[in-house]
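Structure first, commentary second.
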Amino acid sequence: MTEHEAWLRLTLTPGLGPASLLALLQRFHEPQHILTQREAVLAEVIPRRVAAALQHTPVDLPAHLDWLQQAGNSLLTLADADYPPQLLEIPTPPPVLFVKGRRDLLAQPALAVVGSRHATTGGFDTAHSFARSLSQAGWTIVSGLADGIDRAAHLGGLEGQGSTIAVVGTGLDRVYPAGNRELAHRVAAHGVLLSEYALGAPPLAGHFPQRNRIIAGLARGCLVVEATLNSGSLITARHALEQGRDVFAIPGSIHATQSKGCHRLIKEGAKLVECADDILQELPAHPAATLAPAAAPADLAAPAADWPQGLEYDPIDLDQLSLRSGRSAAELLPLLLQLELEGQVETLPGGRYRRRG
């Protein structure tokens, strides 16, 4: 069994999470060595049921090996020289990461931009503007591919040389939420998609707090744009604080529910910021401009004046827009994506679009 096959065998074993796998590695050092141990020996380190699963439960190695043969896909393990050193600083670093896209971005200085899934229009625009400015200054933007602030962060990151990293809570053969499929393809082509979960892993509720520790761990700082008091982005901010990262928050109205999480963070010591320069001035140094400037692929380039007839402030789906504009879906999709990147169009749940105010 090759080293990659051994890592996959361990990762695919039911019940063998990061903490248990790290304990096994500490005891036996090499993944292949773990797989040669008797069940009774493994049970000295991990629960017996997990040791039994490791010995006897079949796993679908061929599907994962086939996935790794596809262009842009790779497996990143603790044994690899390019494993992000900043992740080694967190309490439970992911032993294995599935990577789709530009693996080199994992070595770049990064900032997390997170917030509410139900962002206001102003919050979305603010997150997009901050992420774009930070990316243009050379920082890679890390977020979680959720709706709302995450989506704005990735779109802004794609507009600068820093690009973006999306850390997801599913296997990389799935996109959640499904409405972000086009964005996921864009990130995979020009940034990187990252997951510690094997192919086929569904969007279970427990995956996302785990995912958040990686978002915080990859970044030198974490910006929270909008957050309620129950927002998952506060989990990311807490991880960042525990990991010794800077935490930044954007204030809002004292009457706005979406601002209360940010206000709590500020009370607890997060740095209040009003523009991207506030963040850049707090960081130890600006990253060297080692990345090539981001450029939209030729098939996404579209003049802003080429506005589809029928696309106004009321939401409209692609079929209706095709009828109103007289253009095919194949013509409209690249144009809509370009207009979205320019901040002129907003994509809504259910595959609908509307003009931004």
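The values are calculated or read from the model by the stated rules, or taken from the named source; none is laboratory data. This is a predicted model, so every value here is computed, not measured. No Cβ is skipped: glycine too gets one built from the backbone with ideal geometry, and neighbour counts run over all protein chains shown. All accessible areas refer to the heavy atoms of the entire protein, side chains included, with ligands and DNA or RNA removed. Shrake-Rupley method; radii C 1.70, N 1.55, O 1.52, S 1.80 Å.
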Taking first residues from region 249-260 that are more than 24 Å from Gly221 (Cα to Cα) and second residues anywhere that are open to solvent by 50 Å² or more (accessible area, probe 1.4 Å) and of a type in the set (S, T, N, Q), the pairs with Cβ under 8 Å that are 6 or more apart or on different chains are Ala256/Thr120
| message | Condition (residue is open to solvent by 80 Å² or more (accessible area, probe 1.4 Å), modelled with pLDDT under 80 and under 29 Å from Glu226 (Cβ atoms)) applied to region 242-262: is it met by at least one residue? | response | no
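So is Ala205 in contact with a Cys (Cβ under 7 Å, 6 or more places away or on another chain), under 16 Å from Leu234 (Cα atoms) and either open to solvent by 30 Å² or more (accessible area, probe 1.4 Å) or of a type in the set (A, V, I, L, M, F, W, C) (or both) or not?
On the way: in contact with a Cys (Cβ under 7 Å, 6 or more places away or on another chain): no; under 16 Å from Leu234 (Cα atoms): yes; either open to solvent by 30 Å² or more (accessible area, probe 1.4 Å) or of a type in the set (A, V, I, L, M, F, W, C) (or both): yes.
So Ala205 fails the test.
In this structure, is Ala166 free of Cβ contacts under 8 Å to residues at least 60 places away in the same chain and not acidic (Asp, Glu)?
Working: free of Cβ contacts under 8 Å to residues at least 60 places away in the same chain: yes; not acidic (Asp, Glu): yes.
For Ala166, the condition - free of Cβ contacts under 8 Å to residues at least 60 places away in the same chain and not acidic (Asp, Glu) - is met.
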With criteria (1) over 24 Å from Glu274 (Cβ atoms); (2) open to solvent by 40 Å² or more (accessible area, probe 1.4 Å), Glu159 comes up short on (1)
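From the list Gln70, Gln26, pick out the single residue that is over 24 Å from the mean Cα position of the chain (by Cα) and among the polar types (S, T, N, Q).
On the way: Gln70 fails: over 24 Å from the mean Cα position of the chain (by Cα).
It is Gln26.
So which of Thr77, Thr121, Thr57, Thr36 ends up being among the polar types (S, T, N, Q) and open to solvent by less than 30 Å² (accessible area, probe 1.4 Å)?
Numbers: Thr121 fails: open to solvent by less than 30 Å² (accessible area, probe 1.4 Å); Thr57 fails: open to solvent by less than 30 Å² (accessible area, probe 1.4 Å); Thr36 fails: open to solvent by less than 30 Å² (accessible area, probe 1.4 Å).
It is Thr77.
Residues that are under 23 Å from Gly123 (Cα atoms): find the strands (runs of 3 or more DSSP E) completely inside region 185-259 holding 3 or more of those.
Working: elements: 192-195, 221-224, 246-249.
In region 185-259, the matching strands (runs of 3 or more DSSP E) lie at 221-224, 246-249.
Select from region 82-110 the residues that are among the hydrophobic types (A, V, I, L, M, F, W, C) and at pLDDT below 90 and write down the one among them that is least open to solvent (accessible area, probe 1.4 Å). Please lay out each step first, then the result.
Going residue by residue through region 82-110, those that are among the hydrophobic types (A, V, I, L, M, F, W, C) are 87-88, 90, 96-99, 105-107, 110.
Retained after the next criterion (residues that are at pLDDT below 90): 88, 90.
Working: Leu88: 100, Ile90: 7 Å².
Restricting to residues being among the hydrophobic types (A, V, I, L, M, F, W, C) and at pLDDT below 90, the top hit is Ile90.
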Quick count over region 57-102, residues being of a type outside the set (Asp, Glu) and assigned to a helix (DSSP H, G or I), is 11
- Kindly indicate whether Arg181 is of a type outside the set (Ser, Thr, Tyr), in a loop (DSSP other than H, G, I, E, B) and without any contact (Cβ under 8 Å) to a residue 40 or more places away in the chain. no
Screening Ser231, Ser195, Ser129, Ser133 for residues that are under 15 Å from the mean Cα position of the chain (by Cα) and of a type outside the set (D, E, K, R) leaves only Ser195
Filter region 39-54 for residues that are outside any loop (DSSP other than H, G, I, E, B) and in contact with a helix residue (DSSP H, G or I) (Cβ under 7 Å, 6 or more places away or on another chain); the one that is surrounded by the most Cβ atoms within 10 Å (Cβ to Cβ) is Leu54
All conditions in (1) β-branched (Val, Ile, Thr); (2) part of a strand (DSSP E or B); (3) open to solvent by 40 Å² or more (accessible area, probe 1.4 Å) are true of Val113 except (3)
Of (1) at pLDDT 75 or above; (2) open to solvent by 20 Å² or more (accessible area, probe 1.4 Å); (3) under 18 Å from Ala152 (Cα atoms), Gly350 satisfies every one except (1)
### Query
In this structure, does Ala294 turn out to be surrounded by fewer than 10 Cβ atoms within 10 Å (Cβ to Cβ) and either at pLDDT 80 or above or outside any helix (DSSP H, G or I) (or both)?
no
